[in-house]
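One structure is given below, encoded as structure tokens.
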């Protein structure tokens, strides 16, 4: 049976996933694995369903997502503007780039203890930590995008006597967009990770806290449900960003 | 020479301002400490062996996870690269698992393994698996088709084909993937330690923060950054030495 | 061929360009009359591109000056349109064919409602009217170069400075574009300075062909081309005078260029 790439293949692929899930279900039904560590998928889905019908879950969901959004959006705006200013000016870059390179190898989570010292274990610490860590991917990628504008296009802009603002808006910015989006995608991943980690540390309401508590009380079905939710959050936020990217960068990959 | 001096201007200025404002009381030294204290603490943790011990623990957790995750990623990446059908069939499964942030698995790993190296290595393995899967699959797909034809003419069986042609041809890119995964393994290991695991550099950070020792916090952050940077720099040297002259030798250039 | 006018539209006087110890151009003087089609021929590396860039205001001479309508050229301007050899890099990949032409109109501050007609006109002149909504990446090399030419024409230039515009294209496309450029420029009445290393192309297109030596770049001979227009790929190239010019130039230029 020749399966072409397309809806049929996608269905078959989905079928494979269902097969794995069914296998797991069968294995746990037959008690071949510990029900505590590997609960039957049905139990996890039930837990998910129950949680979603209650209000606590949505409160936690909203808390986590709000923090993520606040941190990510503020970091992105600052990162793009600063990145543009730095990237466009070779003079400024000489002073700033080496410092940026020093910051690059630092793991985002390593700065969390500093924020805890500054703000304590609360929302403010969380949003600041998320924003701080999301800033760097956006900033570094934006600088790269603006500093690697095709020199031939700059010459065209000079010949056409475009003003500085016109050159930035019509030529430098579109040229930098692919890099900017690469930075945004990284920042999105980082903000989700930081949101979960800081919630776990701070013990405030949120999706990260949910799974920590579930694990601590051995409620493994709730734990798996929480993991599924976090996976879904990661997936959906990424798709949204991808959609935006595909729309704005239509001209690529034609 | 002036370029280097200009690059150093900003960090030196920042350090100076930091030092002076902390000493004059303008800055909260209890939360942020100051450069000279941090340098002293950095030296102290080397002298008392705590840096070495913590770094060793982190390395153990990171390397253990890297070995497992990377090997699995490479193996499956080769399989996916060789069989487009397989890759497509598994697409829904991989795309469902990939968006799960590795930190969301920390409570699960904790549940199953308790504190210690195994738990940390499991989470690291999950994080290292994906980049290597994607990169390896891409590298195998991108192999010059002429080489595959040579393998068929010589009547190689699957194992010979993979070991004599596919793996060597894909090696340069796989190595780049390994470099990436090594950096990831370090970051994830530290993150796991910050969040939940009482060993290693991440834990040292938390201990320093809880004992209100910002000088130690920054000292460890600095060491983590330095370790990460030198790890990447040495892997880069190795990469250039082994693969530099030959380029991406077997990639199809059309 | 050309009516000598009171003063040249473009000229360079005793132009010199040195970088470090390397003397790239030495004592170059040249006048271009309005509506003339001047071709500069020389071996690779003789400095023709450097000379062109100076005429376009993209480079400043170390001695001597470049003048446009009697005024020193201090910087680039839309009247001195430059058609680059690496056309792919001079096009905006994120804009459509029409969008790329529009860029020149935006620069000229043409009001939005007037742009569509001009764009349509420019694209028809270069034969790209049907591909108005395509992106540069979807076009062949020849079409991309035409797009660049269309954009340059949309600048309403007085002078077209062309840097080996057809160097990267195959022979057939090159011939088609040669005729198109000749037609376009005479229709629009623009002055052209055309750089090439292809002798025959220079003779085919030009009213005047100037050869250039290298190390350092210096103009050596000028040939006035007394061939009728419009020129024809077959007949003009077989004309005895064409062959004579060719001989002349061949002997002037070093072998193996």
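We did not get these values from a lab; they are worked out from the coordinates using the rules stated. Every value quoted in this text rests on a predicted model; they were computed, and no experiment measured them. Cβ placement follows ideal geometry from the backbone for every residue including glycine, while neighbour counts extend to all protein chains displayed.
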Quiz item: Looking only at A:126, A:211, A:159, which one moves most when chain A is put into a Gaussian network model with springs between Cα atoms under 10 Å?
Solution: A:159
Quiz item: Normalised by the residues of the stretch A:164-248, what does the relative contact order come to in percent, with Cα pairs under 8 Å and at least six apart?
Solution: 23 percent
Quiz item: Against the longest alpha carbon principal axis of chain A, how many degrees, from 0 to 90 and to the nearest 10, is the axis of helix A:55-88 turned?
Solution: 20 degrees
Quiz item: Going by how many other beta carbons lie within 10 Å of each one, how would you line up B:120, C:106, fewest first?
Solution: C:106, B:120
Self-check item: Label-point gap, in nm, between residue A:122 and residue B:134 - each point 7 angstrom along Cα→Cβ
Solution: 3.8 nm
Exercise. Would you calculate a helix-derived [θ] at 222 nm for chain B, using -39,500 (n - 2.57) for each DSSP H run of n ≥ 4 and dividing by the full residue count, to the nearest 500?
Key: -26000 deg cm²/dmol
Self-check item: chain A: relative contact order as a whole-number percent, Cα under 8 Å and 6+ apart
Solution: 25 percent
Exercise. Assuming a ≥ b ≥ c are the square roots of the Cα gyration tensor eigenvalues, decide whether the stretch C:3-121 counts as rounded (a/c under 1.5), prolate (otherwise, with a/b larger than b/c) or oblate.
Key: prolate
Quiz item: Using a Gaussian network model of chain A with C-alpha springs under 10 Å, which one of A:106, A:48, A:213 is most mobile by mean-square fluctuation?
Solution: A:106
Self-check item: Computed P(r) (all Cα pairs; chain A; 5 Å bins; percent)
Solution: 1, 6, 10, 12, 13, 12, 12, 10, 9, 6, 4, 2, 1, 0, 0, 0
Practice problem: May I ask for the percentage of alpha-carbon pairs in the stretch C:78-223 that lie more than 27 Å from each other? | Solution: 21 percent
Quiz item: To one decimal place, what orientation-averaged projected area in nm² is obtained for the convex hull of the Cα set of the stretch C:141-257?
Solution: 7.7 nm²
Quiz item: How big is the shadow of the Cα convex hull of the stretch C:129-172, averaged over all directions, in nm²?
Solution: 3.8 nm²
Quiz item: Out of C:113, C:14, C:23, any idea which swings most in a Gaussian network model of chain C, alpha carbons joined below 10 Å?
Solution: C:113
Quiz item: Under Stokes-Einstein, with the Kirkwood radius over Cα pairs standing in for Rh, what whole-number D in µm²/s applies to chain C at 10 °C and 1.306 mPa s?
Solution: 85 µm²/s
Quiz item: Using Cα pairs under 8 angstrom and six or more residues apart, how large is the relative contact order of chain B, in percent?
Solution: 27 percent
Exercise. Would you tell me the mean number of C-beta atoms belonging to other protein chains that fall within 10 Å of each C-beta in A:146-156, as a whole number?
Key: 4
Self-check item: Within 10 Å of each Cβ in B:7-14, the average number of Cβ atoms from other chains
Solution: 4
Quiz item: Going by alpha carbons, how many degrees (0 to 90, nearest 10) lie between the helix axis of B:50-82 and the longest principal axis of chain B?
Solution: 20 degrees
Exercise. Mind giving me the nanometre distance, one decimal, between the label points for residue A:85 and residue B:83, set 7 Å out from Cα along Cα→Cβ?
Key: 5.6 nm
Quiz item: Per the Kirkwood definition applied to all pairs of different Cα atoms, how many angstroms is the hydrodynamic radius of the protein assembly as shown?
Solution: 30.9 Å
Practice problem: Would you mind listing how long the stretch C:91-155 runs along its three principal axes, going by Cα atoms, in whole Å with the largest first? | Solution: 31, 22, 18
Quiz item: In peptide A:94-102, how many Cβ atoms from other protein chains are near each Cβ within 10 Å, on average?
Solution: 5
Quiz item: What order do you get for B:18, A:58 when you list them from fewest to most C-beta neighbours inside 10 Å?
Solution: A:58, B:18
Exercise. Kindly provide the helix-only [θ] at 222 nm of chain C, computed as the sum of -39,500 (n - 2.57) over DSSP H runs of four or more divided by all residues, to the nearest 500 deg cm²/dmol?
Key: -10500 deg cm²/dmol
Quiz item: Pairing the Cα long axis of helix B:214-243 with the longest principal axis of chain B, what angle in degrees results, from 0 to 90 and rounded to the nearest 10?
Solution: 30 degrees
Quiz item: When A:61, A:20 are ordered from fewest to most other Cβ atoms inside 10 Å of their Cβ, what list results?
Solution: A:20, A:61
Self-check item: Measure of compaction for the stretch B:35-243 (Cα Rg per 2.2 N^0.38 Å)
Solution: 1.21
